[in-house]
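**Student:** Handing you a structure now.
The values are calculated or read from the model by the stated rules, or taken from the named source; none is laboratory data. Note that this is a predicted model, so its numbers are computed, not measured. Please note: Cβ atoms are built from the backbone with ideal geometry, for glycine as well, and neighbour counts cover all protein chains shown. Keep in mind that these areas ignore ligands, DNA and RNA; they rest on the heavy atoms of the full protein, side chains included. Shrake-Rupley method; radii C 1.70, N 1.55, O 1.52, S 1.80 Å.
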Amino acid sequence: MSGAALGLEIVFVFFLALFLLHRYGDFKKQHRLVIIATLLAWYLCFLIVFILPLDVSTTIYNRCKLAVNSSPTESNGSDATLAPSKQKCFKPWSYIPNGIMPIFWRVVYWTSQFLTWILLPFMQSYARSGGFSITGKIKTALIENAIYYGTYLLIFGAFLIYVAVNPNFNLQWNQLQTIGIAAANTWGLFLLVLLLGYGLVEIPRSHWNGAKRGYLLMKTYFKAAKLMTEKADAEENLEDIMEEVRKVSESIKYNHPLRKCVDTILKKCPTEYQERMGRNMDDYEDFDERQNSYPSEKSLVKLHKQVIYSVQRHRRTQVQWQILLEQAFYLEDVAKNEASATRQFVHTFHSQEPENKIIQYFYTPTVEWYWECLLRPWFYRALAVVLATFSVIVVWSECTFFSTNPVLSLFAVFIQLAEKTYNYIYIEMACFLTIFFLSICVYSTVFRIRVFNYYYLASHHQTDAYSLLFSGMLFCRLTPPLCLNFLGLTHMDATISHRNTQPTAYTSIMGSMRVLSFIADGFYIYYPMLVVILCIATYFSLGTRCLNLLGFQQFMGDSEMTSDLIDEGKELIRREKRKRQRQEEGENRRREWKERYGNRDDSTRNRVVHTDQKESSFSEPSTNRPLSKYTRSNGRTERDRIELLQDAEPLDFNADSVNEDPLELDSGRYQPGGRYLSMSRSQIFDDV
């Protein structure tokens, strides 16, 4: 089993990162380099989290073996005391041979640092560039990153000058490398504590609120009102951009040198706009003889960038609106089914996607009712209590992990108790649960935060390239300080525990932080205590209240603006629900008509065509007479088309009944029972 656990986790983490990236990214439309770079960044960060517990168990075994080998061997009594120690130092099942982990950590760490500080920022600018060639995009990316790279070089150069002038510092290359790592970890730890303080409170609270059906439904209404505003803004923005594209397409004809750039922009536009605008290939204009003002290539680059952004935003809001509608309809169904006497879950609308037969076989309406209406709220409450307990333990350990005598950090106590019995399974499970919970608190915050429309991770393949690359940068910068913080909480870091023992392989590549004592003894120890203040601020929703005061609508139960948005969202959901009901009723009527009279209608239509051919061959050549009385089926088809158009948009949203439709009430043809009463089988085709 030597190294087998490492290989299995490497493969498992790869598919985990691939699954998450497929959920948020779009493999078909986004550039392959963007997908590969983001996948590599996510994969390396997740890999560090999953492999670090194996490093801890291997280090504990190596410490035990080193202690046994270094103990003085004495006769009689001493041999009796050493025998149990040798029996306890058995090799763990996940033991990784010496020399593998240092090389592995070195490759993973420096690759992630290269991605986050050099490659991913460059690719961000490259992905957002509106250039029409690879050279133009690279040039734009270099110009945009010149200030970014120049700032870091300036700081690093000033630090080198300070070290060279000060006689108290005699730094070598290894120490200089450690200083660079410490600087990167300090920046990451600063952001880590901010995200961790939010996640430690918000994750348990979100699961507790998830058990409240009324709360979830009100929040969904609130989201619907906000999303409708964003959706309307995205549509208006797209219309304005498409109008500019139309003007440019009409001004630059096919013989202009910049026509290729215009064609590239048109390819990025939606299909309906491409068909509407056309390419004006028939009009020939000699642009050299006429003194017209044509757009410059720089303005076309800017327009290209705006088209990419507006199309992506419009598509994202459309998909999110449909997903939010499904969520709102489902929550309303849950609220209705809670009082069901049959204890079977009934959906208002059938799922538009085909369901898996295996899931449909086991997840019956009865099972769904018991889960959604009875078990799920209690499960969410129990899970929220467990997560809140973990959060309290993390906050306590963050404030006391620097104390080594006595040991106050609960995670360090758990690991040291397991270390005495050399229970490697318990050690790895405790380490994995600890670092996994810390990672969930931090990474989930990265997935939740939104910086206007520049950074936003949207599921269902709606995340743009810029946000994917930015998330990869954040993960690569947050993961190393997260792992160091975990090792400090468990006292596996010699800098924290002050023990002269063998360090972990991960700590060894970081170097000794004693080179910068003010960071090792000051910032790394006392700054994580700020997580207490951040947790208190998150618990009382201070950030949400501040954003609400600044004009950014946030979901707050005691706000008048929130109540207005909830009422608006409820009306929007009710309107969409009626629209979908009308559509389904129209489809059901047409399906019933086809089932009842489909065969008879087909045979009659053939006779109508044959009769028309005979009459047209023997009649006078006056073909201007209306043929409606000979082709009643055509009139019926036209009526179906009108009915489809009427069903597409509801007429009266304040009506008490959904069936109040002029087409249904006309001539008394359609009754709520679904039968066409004014037509009997003997009178349908009497006029043919």
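**Student:** Restricted to the range 356-373, and to residues that are assigned to a loop (DSSP other than H, G, I, E, B) and at pLDDT 85 or above, which residue is surrounded by the most Cβ atoms within 10 Å (Cβ to Cβ)?
**Tutor:** Out of the qualifying residues, it is TYR363.
**Student:** Would you point out which residue out of TYR162, TYR152, TYR198 is open to solvent by 60 Å² or more (accessible area, probe 1.4 Å) and at pLDDT 80 or above?
**Tutor:** Values: TYR162 fails: at pLDDT 80 or above; TYR152 fails: at pLDDT 80 or above.
After ruling out the rest, the residue left standing is TYR198.
**Student:** Condition (residue is at pLDDT below 85 and in a helix (DSSP H, G or I)) applied to the range 566-584: is it met by at least one residue?
**Tutor:** Going residue by residue through the range 566-584, those that are at pLDDT below 85 are none.
Checking the range 566-584: not a single residue is at pLDDT below 85 and in a helix (DSSP H, G or I).
**Student:** Suppose we filter the range 105-133 for residues that are closer than 22 Å to THR38 by Cα and more than 29 Å from the chain's Cα centre (by Cα); how many remain?
**Tutor:** Number of matching residues: 1.
**Student:** For TYR424, state whether it is over 24 Å from LEU387 (Cβ atoms) and under 13 Å from the mean Cα position of the chain (by Cα).
**Tutor:** no
**Student:** I would also like to ask the following. Give just the number: which of (1) of a type in the set (A, V, I, L, M, F, W, C); (2) closer than 30 Å to HIS31 by Cβ; (3) open to solvent by less than 70 Å² (accessible area, probe 1.4 Å) does PHE452 not satisfy?
**Tutor:** Tallying (1) of a type in the set (A, V, I, L, M, F, W, C); (2) closer than 30 Å to HIS31 by Cβ; (3) open to solvent by less than 70 Å² (accessible area, probe 1.4 Å), PHE452 fails exactly one: (3).
**Student:** Something else now. Run down THR151, THR186, THR220 and say which single residue is of a type outside the set (D, E, K, R), more than 30 Å from the chain's Cα centre (by Cα) and outside any loop (DSSP other than H, G, I, E, B).
**Tutor:** Residue meeting the stated conditions: THR151.
**Student:** Pairs under 7 Å by beta carbon, first residue assigned to a loop (DSSP other than H, G, I, E, B) in the range 84-98, partner charged (D, E, K, R) and at pLDDT 85 or above, six or more apart or different chains?
**Tutor:** Cβ pairs passing all conditions: SER94/GLU428.
**Student:** Do you know which of the residues in the range 548-602 that are among the aromatic types (Phe, Trp, Tyr) and within 26 Å of the chain's Cα centre (by Cα) is nearest to THR229 (Cα to Cα)?
**Tutor:** If we take residues in the range 548-602 being among the aromatic types (Phe, Trp, Tyr) and within 26 Å of the chain's Cα centre (by Cα), then PHE552 is nearest to THR229 (Cα to Cα).
**Student:** Can you report the number of residues in the range 54-91 which are modelled with pLDDT under 85 and at negative phi?
**Tutor:** Residues flagged as modelled with pLDDT under 85 and at negative phi within the range 54-91 amount to 26.
**Student:** Go through the range 518-564 residue by residue and tally those that are touching a Gly at 6+ places or on another chain (Cβ under 6 Å) and either among the charged types (D, E, K, R) or assigned to a loop (DSSP other than H, G, I, E, B) (or both).
**Tutor:** Residues meeting the conditions: 0.
**Student:** Need pairs with beta-carbon distance below 9 Å; first residue touching a residue at least 60 places away in the same chain (Cβ under 8 Å) and within the range 396-422, second part of a helix (DSSP H, G or I) and surrounded by fewer than 14 Cβ atoms within 10 Å (Cβ to Cβ); sequence gap 6+ or separate chains.
**Tutor:** Listed by first residue and then by second, the contacts come to PHE402/TYR526; THR421/LYS88; TYR422/LYS88.
**Student:** What is the number of the single condition among (1) open to solvent by 50 Å² or more (accessible area, probe 1.4 Å); (2) over 22 Å from TYR309 (Cβ atoms); (3) in contact with a Gly (Cβ under 9 Å, 6 or more places away or on another chain) that TYR95 does not meet?
**Tutor:** (1)
**Student:** Which residue pairs have Cβ atoms under 6 Å apart, sit 6 or more places apart or on different chains, and have a first residue in the range 246-271 that is in contact (Cβ under 8 Å) with a residue 60 or more places away in the chain and under 15 Å from PHE132 (Cβ atoms) and a second that is open to solvent by 30 Å² or more (accessible area, probe 1.4 Å) and part of a loop (DSSP other than H, G, I, E, B)?
**Tutor:** Close Cβ pairs (under 6 Å, with a partner that is open to solvent by 30 Å² or more (accessible area, probe 1.4 Å) and part of a loop (DSSP other than H, G, I, E, B)) amount to CYS261/PHE132; THR264/PHE132.
**Student:** Which one of the conditions (1) within 20 Å of ASN209 (Cα to Cα); (2) polar (S, T, N, Q); (3) open to solvent by less than 40 Å² (accessible area, probe 1.4 Å); (4) out of contact with any Cys (no Cβ under 8 Å at 6 or more places or on another chain) does SER391 fail to meet, given that it meets all the rest?
**Tutor:** For SER391, the exception is condition (4).
**Student:** Of the residues ALA211, ALA141, ALA146, ALA183, only one is of a type in the set (Gly, Ala, Ser) and closer than 23 Å to GLY522 by Cβ; which?
**Tutor:** Checking each option against the conditions leaves just ALA183.
**Student:** Right, something else. Taking the range 464-496 as the region of interest, how many residues are among the small types (Gly, Ala, Ser), touching a Ser or Thr at 6+ places or on another chain (Cβ under 6 Å) and more than 20 Å from GLN113 (Cβ to Cβ)?
**Tutor:** Final tally of qualifying residues: 0.
**Student:** Right, something else. Step by step: first the residues of the range 544-556, then only those that are touching a residue at least 12 places away in the same chain (Cβ under 8 Å) and not polar (S, T, N, Q), then the one that is surrounded by the fewest Cβ atoms within 10 Å (Cβ to Cβ). Which residue is that?
**Tutor:** For the range 544-556, the residue satisfying everything is MET556.
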